[in-house]
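Structure, as structure tokens:
Coordinate-derived values only; no laboratory data. Bear in mind the structure is a predicted one, so any value in this text is a computation, not a measurement. Cβ atoms come from the backbone with ideal geometry, glycine included; neighbour counts cover every protein chain shown.
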Amino acid sequence: MKLREIQKILRRKADKKAEQSVKKFVPSARKVYGVKNLLLNEIVKKIKKPNFELIERLWKSGYLEERILAAKILGKFGRKEPEKSLQLVKRWSSSISNWAICDTLATQGIRGIVKIKGEEIFKLSERLIKSKNFWQRRFAIVLLIELNRSGFSRTKIRKLLKEIKEDKEYYVRKAIDWLRSELNK
């Protein structure tokens with residue numbers, strides 16, 4: 001699929017009710033089509049070959065749904081080019097501006113490389129957990145959730161969690177609670 005084809009589908013399937021719902025649940029999202037996540041998953045299934053140019057162009061658009069698609073497609077094909085995938089995740093982490101993109105990139109976006117690049121992902125989390133930007137702190141924590149799910153060292157994850165346990169930012173607190181729940185399973 002090409003970018004224009006994807007954008008055409010998103011515009012055609014957009015609806016006001018879905019747009020309002022997205023804006024309600026993701027209040028910091030600025031550019032929104034208003035489509036359901038099911039449609040995004042259907043688009044991802046149609047993409048059969050890795051196309052990193054498409055992935056980067058989707059991210060650059062700034063639309064919530066296109067960025068979510070970029071993260072999902074990256075996760076689907078990441079293991080084909082793990083180094084490039086990790087570089088994209090690192091670069092994109094500075095432009096996260098809502099929980100939906102944050103969580104999709106930190107879970108689905110790294111899923112294809114988490115076993116191969118676990119140590120590097122952990123180092124990224126260590127760095128970002130100290131960021132002044134609360135979205136980057138949340139991203140760091142959600143990366144730890146995916147690392148935990150992949151079998152990464154719980155001891156290292158718990159140690160890093162201690163560094164941020166007192167964070168007062170609402171979205172960071174929610175991620176901390178989510179990580180604690182995952183660690184207690």
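The table below lists the values:
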quantity: Label point distance in nm, TYR170-GLU126, each placed 7 Å from Cα along Cα→Cβ; calculated: 3.3 nm
quantity: Long-range Cα-Cα pairs in segment 114-185 (distance over 13 Å), rounded percent; calculated: 58 percent
quantity: Dipole of the chain, positive direction: furthest Cα of PHE152, GLN7, ILE141, with charges on the beta-carbon; calculated: GLN7
quantity: Magnitude of the charge dipole, segment 38-112, Cβ model with Lys/Arg +1 and Asp/Glu -1, debye to 20; calculated: 300 debye
quantity: Dipole in debye (nearest 20) - segment 114-185, about Cα centre, beta carbon charges: Lys, Arg +1; Asp, Glu -1; calculated: 100 debye
quantity: Square roots of 5 times each gyration tensor eigenvalue, C-alpha, segment 1-98, largest first, Å; calculated: 23, 16, 10
quantity: Net lengthening on full extension, ARG180/GLN87 (0.36 nm per residue, minus Cα-Cα); calculated: 30.7 nm
quantity: Sum of side-chain charges, LYS115 neighbourhood, beta-carbon under 13 Å (Lys, Arg +1; Asp, Glu -1); calculated: +1
quantity: Nearest-20 debye value, the chain charge dipole, Cβ charges on Lys, Arg, Asp, Glu; calculated: 320 debye
quantity: Förster radius 41 Å - calculated FRET efficiency between GLU56 and THR155, Cβ distance, rounded to 0.05; calculated: 0.70
